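The values are calculated or read from the model by the stated rules, or taken from the named source; none is laboratory data. Computed from a predicted structure; not experimentally measured. Heads up, the Cβs are rebuilt from the backbone with ideal geometry, glycines too, and the neighbour counts pull from every protein chain shown.
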Amino acid sequence: MIRFKHILVPVDFEQSSRDALDVAVDLALTFDSKLTLLHSWESVAYAYATLPYVSADLSIAIEQAAKDQLSTLRARVAERLPRVEVTLTRGPPAFDIVEVAERLKADLIVMGTHGRRGMSHVLLGSVAEKVVRCSPIPVLTIRGGAPVASKVSLRPAHAPA
């Protein structure tokens, strides 16, 4: 039987990544694995007179919001799984996910997929698809909105079910 010692879970804070995180926590509990939550974000560039410009204020705000959400998510996961860490990167998400998995020596990536089809898939692409194609380690994808049988609830205690 394969034993996963370190599971990487990329999160974008949407339902598909929360579903994947539920599965990853169950796997980590089963295998007594370490879990790392990763959020990767890209700069939003504005074109002004053909000069790309990224507002420092906007970048700082995006990064702080991501740190806050990661911290909240980490605290919720830590209630069930104390061996959880977080990593925040800035860059192309698919590239960062594979690079971080290799650097941290993760042996499994568990990630959500939005399940986009048609034109939205063509225009937006699929981070999960790129990771599956490029990753040297196994990738378990969880389709967002699919029923997930999990005992782990990552909703805040006061949130409605």
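Just a few scattered comments:
- Qualifying residue in the stretch 75-92 (condition: under 20 Å from Val127 (Cβ atoms) and in a helix (DSSP H, G or I)): no
- Residue in the stretch 76-85 that is closer than 17 Å to Trp41 by Cβ and at pLDDT 95 or above present: no
- Search result, residues across the stretch 94-119 that are crowded, with 17+ Cβ neighbours inside 10 Å, over 11 Å from the mean Cα position of the chain (by Cα) and touching a residue at least 40 places away in the same chain (Cβ under 8 Å): Val100, Ala101, Ala106, Asp107, Leu108, His114
- Only listed residue being within 23 Å of Glu63 (Cα to Cα) and surrounded by 23 or more Cβ atoms within 10 Å (Cβ to Cβ), chosen from Val25, Val9: Val9
- Members of the stretch 30-68 that are part of a strand (DSSP E or B), modelled with pLDDT of 95 or more and not polar (S, T, N, Q): Lys34, Leu35, Leu37, Leu38, His39
- For the stretch 79-93, the set of residues classified as more than 17 Å from the chain's Cα centre (by Cα) and touching a residue at least 60 places away in the same chain (Cβ under 8 Å) consists of Arg80 only.
- Close contacts from the stretch 5-32, counting a first residue that is of a type in the set (Phe, Trp, Tyr) and a second that is part of a helix (DSSP H, G or I), with Cβ to Cβ under 7 Å and a gap of 6+ residues or different chains, come to Phe13/Gln69.
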